[in-house]
Amino acid sequence: MAEAVPFGAESLAGGRARAARRVLDQVVLPGEELLLPEQEDVEGPGGAGERPLRLNAGARSRLRVVCGPGLRRCGDRLLVTKCGRLRHKDPGSGSSGGVYWVDSQQKRYVPVKGDHVIGIVTAKSGDIFKVDVGGSEPASLSYLAFEGATKRNRPNVQVGDLIYGQFVVANKDMEPEMVCIDSCGRANGMGVIGHDGLLFKVTLGLIRKLLAPDCEIIQEVGRLYPLEIVFGMNGRIWVKAKTIQQTLILANILEACEHMTADQRKQIFARLAES
């Protein structure tokens, strides 16, 4: 009787370990192990001058690499956990290897520590609010996690309110925890969002595109109508304009911008400006 061979172990030990610099902007698959170049020439599995990234190597490794979404540390290795294109951002100093992440078009949001998100209060349990952030489970929000909140001065938060906050705890083994204050105890724009306006959901890729420093879409939209807008890294956008008609127009434009070219956007904005 033939013995079954584990596919994952055979593929990882076989031909899946690839040099990261050779697969930049190419599709990577979950389970692949990345090989990163180091300053010293070391003969490794990837050939001369390359070996698997050793995240706990201490003084032996001269490069400090930051792992972004889609990559996971497994011991002293770096594994791909999402299907997408491998991206890299050059470091600001020579002693760093930069930032590596996987750009994917996933639909479900996975909480990440430090992300600013828009949530919906679904329940109140004692001193804790349960907030729906679009993940696999709701996040917890303490009533003391607001600026100026005390046991006597509690924030006015009701079920159904929209909350803009950030994650302070987010990992696979614990319940996500949100706060509406920064490290200095200031709200800094976070807290309960107004009852007016429109909340709609877009893809996570469009959110990253709109929040990019070189994105021109928000500037073009701002010149079209005066507006208030809030972006959540969980794929939610809250927008408010002077009238309901303008609010709906802005929401439709932002949803359609993901698949538009720059020329198509200019034509639409010019048409709206004339009307």
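The values are calculated or read from the model by the stated rules, or taken from the named source; none is laboratory data. All of these numbers come straight from a predicted model, not from anything done at the bench. Every residue, glycine among them, receives a Cβ derived from its backbone with ideal geometry; neighbour counts consider all protein chains shown. Accessible surface is based on the protein model in full, side chains and every heavy atom, while ligands, DNA and RNA are left aside. Shrake-Rupley method; radii C 1.70, N 1.55, O 1.52, S 1.80 Å.
Tabulated values for the structure
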| read-out | value |
| --- | --- |
| Inter-label distance for E258 and S275, nm, one decimal - labels placed 7 Å from Cα along Cα-to-Cβ | 2.3 nm |
| Value of Rg/Rh across segment 116-275 [Cα atoms, Kirkwood radius] | 1.02 |
| Heavy atoms of M174: accessible area, 1.4 Å probe, square angstrom to 10 | 100 Å² |
| Packing rank of 128-138, 261-271, 192-202, where each peptide gets the mean count of other beta carbons within 10 Å, highest leading | 128-138, 192-202, 261-271 |
| Computed E for L227/N171 - FRET, C-beta separation, R0 45 angstrom, nearest 0.05 | 0.80 |
| Extension gain, D90 back to L29 (0.36 nm per residue minus Cα-Cα distance, nm) | 19.7 nm |
| Cα gyration tensor, segment 144-211 - rounded (a/c under 1.5), prolate or oblate | oblate |
| Ranking by accessible area, most exposed first, for H259, H116 with a 1.4 Å probe | H259, H116 |
